[in-house]
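K.L.:
This is the structure I want to talk about, given as structure tokens.
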Amino acid sequence: MMKMTTRFKTLTLVASAALAGAFSAGCDKTPEAPASPAAVSQAPAANPSAIKKEKVELVHVHGLSYNPDGSKILIPSHHGLAVFDGSGWSKAPGPQHDYMGFSATQNAIYSSGHPAQGSGLVNPFGLIKSTDGGQTWQKLGMEGESDFHILGTGYETGAIYVVSANSNSKMKKPGIYFTVNDGFSWQRATAKGLENYPRSLAVHPSDPKAVAAGAEKGLYLSRDAGETFQKIADGEIAGTFFDLNGQHLWFSTANGQPALRRFDLDGKQVDNVVLPAMENDAVAYITQNPVKRNEYAIATYQRSVYISPDEGKSWKQIADKGQSL
């Protein structure tokens, strides 16, 4: 089995201990074997006449999103946001915070994490929200109490699901919680049928009650706001993502050979998406361009980033092991 990053392993161990015994068994479905690796091209060099670009190091990758008009990819990378605009990389204006649980909707970005050194802000953030691409942030609660590494949002609805590894002023015990009013009130999901601690959460773009959880022993889907989960795929699941038309659930596996798959929510069919060749790596994050809907981006645990213009038929690499290309 492949090795995960230290942060990933540590988070899983700590939170699993906190949530032990909270999840029960579900039913099994097994997808087909992964396809052969896809050919990969590297991103062209940035145009010198364009706006100033720079070499950007992705120290960590804590999320992956497009901005609302689809012109930029945003990656929280330990020291602020890294931005790829199709011609090159830059750092986003605004505070260089260590964002965690980074997830975007059509109107805002939601995150958690830790403030930049010397900012004078309370650590950890709890839940925060930005409507200007991360230049400024609004506090939504639990400041100084919780750091949500696992967070998912509904693209159209703004529903927010988090995994809380500890109790706080709004969450009385560990578990999965959700809000539909920007954190004013939270409800704990019973999560019946979810066998393991979730490693990732994905929220349906238009149905706030539909949420998927990737875990060590499978992919689980709930259609009742996390009250009950059904296992829909086996394996060690890493990244999860609902496409923006709400018809497919994308997920990556991290056991043995890495794979990326797409589950049809209506027909229940599971299709393989051909990945670039990866060694000791797997897809951690998946996202889709909200304007050019055939375009997807993925980021891996080893901090490589790829873009596909054709729903995964071909890939262009834009970062290699944390180094921008």
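K.L.:
Tell me, which strands (runs of 3 or more DSSP E) wholly within the range 229-300 include 3 or more residues that are open to solvent by less than 10 Å² (accessible area, probe 1.4 Å) and not aliphatic (A, V, I, L, M)? Write out each step before concluding.
P.N.:
Details: elements: 230-233, 237-242, 248-253, 259-264, 270-273, 283-288, 296-300.
Qualifying strands (runs of 3 or more DSSP E): 248-253.
K.L.:
If I filter the range 255-265 for residues that are touching a residue at least 60 places away in the same chain (Cβ under 8 Å) and at positive phi, do I get at least one hit?
P.N.:
yes
K.L.:
What is the number of the single condition among (1) part of a strand (DSSP E or B); (2) buried (at least 24 other Cβ atoms within 10 Å of the Cβ) that Ile318 does not meet?
P.N.:
(2)
K.L.:
Does the range 237-253 contain at least one residue that is in contact (Cβ under 8 Å) with a residue 60 or more places away in the chain and more than 30 Å from Asn168 (Cα to Cα)?
P.N.:
yes
K.L.:
Mind telling me which of the residues Glu195, Glu216, Glu227 ends up being closer than 26 Å to Ala277 by Cβ and touching a Ser or Thr at 6+ places or on another chain (Cβ under 9 Å)?
P.N.:
Glu216
K.L.:
When you scan the range 195-203, do you find a residue that is farther than 30 Å from His248 by Cβ and either in contact with a helix residue (DSSP H, G or I) (Cβ under 8 Å, 6 or more places away or on another chain) or open to solvent by 20 Å² or more (accessible area, probe 1.4 Å) (or both), even just one?
P.N.:
Looking for residues that are farther than 30 Å from His248 by Cβ and either in contact with a helix residue (DSSP H, G or I) (Cβ under 8 Å, 6 or more places away or on another chain) or open to solvent by 20 Å² or more (accessible area, probe 1.4 Å) (or both), one finds none in the range 195-203, hence no.
K.L.:
Also, quick follow-up: Does any residue of the range 152-166 turn out to be within 16 Å of the chain's Cα centre (by Cα) and surrounded by fewer than 20 Cβ atoms within 10 Å (Cβ to Cβ)?
P.N.:
yes
Residues are listed down the side, and each one gets a yes or a no for (1) closer than 23 Å to Ser164 by Cα; (2) surrounded by 19 or more Cβ atoms within 10 Å (Cβ to Cβ):
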| position | (1), (2) |
| --- | --- |
| Leu64 | yes, yes |
| Val83 | no, yes |
| Gly120 | no, no |
| Phe148 | yes, yes |
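K.L.:
Only one residue in Ala92, Ala116 is more than 17 Å from Asn289 (Cα to Cα), open to solvent by 20 Å² or more (accessible area, probe 1.4 Å) and hydrophobic (A, V, I, L, M, F, W, C), so which one is that?
P.N.:
None of the other options fit; the residue is Ala116.
The values are calculated or read from the model by the stated rules, or taken from the named source; none is laboratory data. Model, not experiment: these values are computed from the prediction. All Cβ positions, glycine included, derive from the backbone under ideal geometry; neighbour counts span all protein chains shown. Ligands, DNA and RNA are stripped out before the accessible areas are found, and what is left, the full protein with its side chains, is counted by its heavy atoms. Shrake-Rupley method; radii C 1.70, N 1.55, O 1.52, S 1.80 Å.
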